[in-house]
Each structure stands twice: as structure tokens, then as C-alpha cells.
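The values are calculated or read from the model by the stated rules, or taken from the named source; none is laboratory data. Remember, it's a predicted structure, so these values are computed and weren't measured experimentally. Neighbour counts are summed over all protein chains in view; Cβ atoms, including those assigned to glycine, are modelled from backbone coordinates with ideal geometry.
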């Protein structure tokens, strides 16, 4: 489903713009929070800002998309019956935006050995994936990792998020960690 613009889907089907200004704006805003900074070293924050600047073109393109997004698309919200998806649960975070949010969430919560099957399923479902589809998903998913650092989730969960952020930095920073 495609909407006229990205944002929250209202009861009447209209869309209200996000207040956080798209993916890159949300990531920047979250990086400024004291909670996220308490979990990340300053060098990591600075490196993420550099990556965002370098990836502006890709993030702008993703921010302009306006398709139906589940918002919490992971294996625990997908019902499978006889090897076929029979339902998707928990639509409370659905909105209009980039499908790479759902793809990033699914990749993060699925063993990498199944990523080729996810790609096949997306393409079989009609999605034309560019060569950088995984990078697009990871860029968008960075916002989720950062947002989790500002939540009331457990410390062990937040440590896993920090590890994911460091993997992101390594991937997008030419293999260099901070």
C-alpha cells in the first residue's frame, strides 16, 4: 500500500507527518539524548554523525518513501501455517514510510543464515531490491538501536544494542571500530 506522504496513519486513512523529521533527523535527535550518550562513547557518536552526513543521499531517498510499514516486524509477530505466512500481529506502530524499517527489524531479529530467504521472499512478493538493500535496512534500523537506549529496557538488552551500533559503525566506517 502506498500513501501520499510518510507519517502516522490516522483512523480516516489520512497521514500526519512525523514530528521527528524522518530517519536521519530521528537518529540525530536520539543521539543528542543523555540516555543514548550514556551508553555510547563520544567517538562513536561523532563517527555516527559522519556516517549520516556521508549517507545523506540514501537517507533522504528512504525518508521520502510512503508505503505501509508495520513498525515492529519480527518473527514474534509473524504467524506461519504450513510454511506460509498466515498473519501478521501487533500493528500498533504501523505508519507510512520506508519498508526498510521492517526489513531492518526482520534482519536484526533473524539469524543471518536466513537472510537470503528473506531476500527471496521480498522479491517473490514483488519488491525490487537494489544491490544495497541490506545497507539501507541497517541505516534505518540504527534509529531503533538508538531509541532502545532511551527506553526502560534491561541493561543486558541495551548492551546488545550497543554491540549492534558498533557493528553498524564498523560496517559503515570502512571496517574501523571506535
* Output the residue which, of all residues in the stretch 11-26 that are buried (at least 16 other Cβ atoms within 10 Å of the Cβ) and modelled with pLDDT under 90, is farthest from residue 135 (Cα to Cα). => 18
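Would you be able to say whether some residue in the stretch 164-174 is within 24 Å of residue 38 (Cβ to Cβ), outside any helix (DSSP H, G or I) and at pLDDT below 95? Even if it seems obvious, please write down each step before you answer.
Within the stretch 164-174, the first condition is being within 24 Å of residue 38 (Cβ to Cβ), and the residues that meet it are 164-173.
Still in the running and outside any helix (DSSP H, G or I): 173.
Those still in the list that are at pLDDT below 95 too: 173.
Yes: one or more hits.
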* Starting from the stretch 57-78, keep only residues that are more than 14 Å from residue 98 (Cβ to Cβ), then list their pairs with residues that are part of a loop (DSSP other than H, G, I, E, B) whose Cβ atoms are within a distance under 7 Å, requiring at least 6 positions of separation or different chains. => 72/90; 72/93; 74/109; 75/109; 75/110; 77/89; 77/90
* Check whether at least one residue in the stretch 118-128 is in contact with a helix residue (DSSP H, G or I) (Cβ under 6 Å, 6 or more places away or on another chain), more than 19 Å from residue 78 (Cα to Cα) and either surrounded by fewer than 18 Cβ atoms within 10 Å (Cβ to Cβ) or without any contact (Cβ under 8 Å) to a residue 40 or more places away in the chain (or both), and report yes or no. => no
* Structure fact -> Residue count, the stretch 56-79, condition farther than 17 Å from residue 2 by Cβ and in contact with a helix residue (DSSP H, G or I) (Cβ under 6 Å, 6 or more places away or on another chain), comes to 3
* Structure fact -> Out of (1) under 20 Å from residue 39 (Cα atoms); (2) without any contact (Cβ under 8 Å) to a residue 60 or more places away in the chain; (3) surrounded by 13 or more Cβ atoms within 10 Å (Cβ to Cβ), the one residue 105 does not meet is (1)
